[in-house]
Amino acid sequence: MASLQHSQAIKGAKVLMVGAGGIGCELLKTLALSDFQDIHIIDMDTIEVSNLNRQFLFRQSHVGQSKAKVARDAVLRFRPHINITPYHANAKDSNFNVDFFKQFNVVLNGLDNLDARRHVNRLCLAAEVPLVESGTTGFLGQVTVHVKGKTECYECQPKPAPKTYPVCTITSTPSKFVHCVVWAKDLLFAKLFGDKNQDNDLNVRSNDAARSPEHAGDAFEWSGNEDLEQYGRGIYDHVFGYNIERALSNEETWKNRNKPRPIYCRDVLPDRMTQQNGNVDKTDDLSSASAMASLGLKNPQDIWCLMENTKVFLEALKLFFTNRRKEIGNLSFDKDDQLAVEFVTAAANIRAASFNIPLHSLFEAKGIAGNIVHAVATTNAIVAGLIVIEAIKVLKKDTESYRMTYCLEHPSKKMLLMPVEPFEPNKSCCVCSKTPLSLEINTHRSKLRDFVEKIVKAKLGMNSPLIMHATALLYEVGDDLEENEIANYTANLEKVLSELPPPVIDGTVLTVEDLQQEFTCNIHIKHREEFDEEKEPDGMVLSGWTQAPPEKKDGKTSIGNGASTSKSLPTKLGITEIDNEVKEISDGTVSPGMKRKLSEFSDGSTVDQSSDVDETRNNKKTQKHDDDDDLDLVMLDHWDSNMSEKQRSP
């Protein structure tokens, strides 16, 4: 009877997969082999060469084609009798609304960004469809179950926005190699090869009047007939020499910091570079434009010395102007652009040398610049299997057996897979429990646009927001708006909050809504004059989205198999999400089957609520990583801290 019920639950199910990447390929294969008959797949991506090492349903001949469609065709070759419906589209498209989600029995997420995950979570809540989330990075992974009213939703644990750095840290006081990479990629590369009209954040006004008078004011302008090596040396001297000297003139900045040293090209490379392999001819084949190849550098895992970085810097710049001049002015950094990666690596290393920061290889710099964590196909396969196991439990409505399972790199209690009972819904969650939030903001300086971009979209993950003050509509987006409405809302975006009609001031309550997600949130405004630029770079602080306190169990913790344990076992597993940098937070090991109880502030730090928790705590660190290609996971214990600064490639 149980076997028949199991079979009927699978064959009668209509399943939605969101994402057909590393986990998605394994998941579709496992669903098909498990006898699921009706599978729908949404994925907006096309296949890239970098996918082929782990996304086994794809071949070289498929590069450039839709992942969802090719995955369908590949699986139908060995399971021709099942129904697979692909959608080459964005899961946030308006046609994938609540009514669309209601037709499915379960949704299986395989997304590569926080914004889309939030969107799917809210649609599943509105449609009352169970969601199974998953993620991997390297040898680590997790699968979590989210059922409205029975378990936490995906957003019950606040997710941090992608890591940002204050401009002053990037431009003036870098202390980590990632700061140098951000500077090289987002400032120097963008200024040299991107939009020429962007603000000159590098502050490079020429002090070298010996250069042609008409260009003495801007180190980045190239006359067109100026020798390219001389031009490159001029840029080098300004950004690594002159600008550092200017920074050193502010003695207050360096009272408690190590002073950088100015680096001039003549001191590193006194003589002009000679052609390593003859003259470089122009070519339409972008892959052939490589500074490493021109200079005879072969191993991307070698760490170049300062002279080698200088040569790569000058050679890469020259190759951009000789081979790819038509692209200059429209380029943006791409981790798959070899010449761009070479330039950024060299620039970041030279800046690192100036600020006494250890140098890194091109392989490492590419990982940081492109947010890459290298994939392990076996982990994807394990996680896909766990997703199907949980999906079957959901279809059978076997609530008591739901587990959130974590894949570990090293055994813990002799296990590599650690199952844990799901959280209960968090009563402080503004998504599934409708808890109001509060926002500290300077209402006399901040514009409505700042509120929309930094809070409504970045923090709350709304895509089509509607903002109301009492009965007044301050802002709305949509295809059905009249021209005068669009003009009015556009004008409102540029107004300071306190000057809006009606004004948004201390004590105001704003209602923010996304009709597509069927998500509404009330935000209490608190006026605040000043913010710490280092700790609060957005100039506003959203709060109120905190964790519910843990329940006390009178010194005992319930175990999934009906047994119990004394206080010698930990009572909770602290979990948070990090972005590109490691953030050590809570502690606690969880026995298999143990129900988790967690209390955290919204910044990820854990708060003890009882002496029981204090006594049971051990020293294992727990971390959570997000925005990887194959999704979101918990980092437990023994993992390479270098991996934490990187994320999965798409």
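Remarks
- Estimated at 0.36 nm per residue, the fully extended path between R528 and E128 surpasses their Cα-Cα distance by 140.1 nm.
- Shape call, the stretch 66-141: gyration tensor on alpha carbons, a/c limit 1.5: oblate
- Taken along the Cα-to-beta-carbon direction at a fixed 7 Å, the label points for D73 and S433 span 4.9 nm.
- Within the stretch 385-423, none of the GluC sites (Glu not before Pro) combine a DSSP coil assignment with at most 10 other C-beta atoms in a 10 angstrom radius.
- Using the Cβ-Cβ distance between D398 and K535 with R0 set to 51 Å, the FRET efficiency from 1/(1 + (r/R0)^6) comes to roughly 0.65.
- Computed from the C-beta positions of A487 and S94 and an R0 of 22 Å, the FRET efficiency is 0.45 to the nearest 0.05.
- Rounded to the nearest Hz, the phi-derived 3J(HN,Hα) couplings of the stretch 452-468 under the Karplus curve 6.51 cos²θ - 1.76 cosθ + 1.60 (θ = phi - 60°) are 5, 6, 8, 10, 5, 8, 6, 8, 8, x, 7, 9, 10, x, 10, 10, 10, where x marks glycine and proline.
- At an R0 of 45 angstrom, the distance between the Cβ atoms of S249 and V477 translates into a FRET efficiency of 0.45.
- For the stretch 437-543, accessible area per residue (1.4 Å probe, heavy atoms of protein chains only), Å²: 49 Å²
- Just the protein heavy atoms count here, and of the accessible area of the stretch 437-543 at 1.4 Å, carbon and sulfur take up 48 percent.
- Cα centroid separation - the stretch 88-111 against the stretch 219-266, whole Å: 51 Å
- Net lengthening on full extension, I328/D227 (0.36 nm per residue, minus Cα-Cα): 34.6 nm
- Counting only protein heavy atoms and a 1.4 Å probe, the stretch 1-119 has 41 square angstrom of accessible area per residue.
- Cross-link table K259/K335; K176/K335; K259/K298; K67/K335; K259/K454, entries beyond 22 Å C-alpha to C-alpha: K259/K335; K259/K298; K259/K454
- Shown for the stretch 286-414: the carbon plus sulfur share of the solvent-accessible area, taken with all protein chains present and a 1.4 angstrom probe, equals 52%.
- Gained length - D35 relative to S61, 0.36 nm times residue gap less alpha-carbon distance: 6.5 nm
The values are calculated or read from the model by the stated rules, or taken from the named source; none is laboratory data. Keep in mind that this is a model prediction, so the values were computed, not measured. Quick reminder, even Gly has a Cβ in these numbers, built from the backbone with ideal geometry, and neighbours come from all protein chains shown. Accessible surface areas use protein heavy atoms only, side chains included; no ligands, DNA or RNA. Shrake-Rupley method; radii C 1.70, N 1.55, O 1.52, S 1.80 Å.
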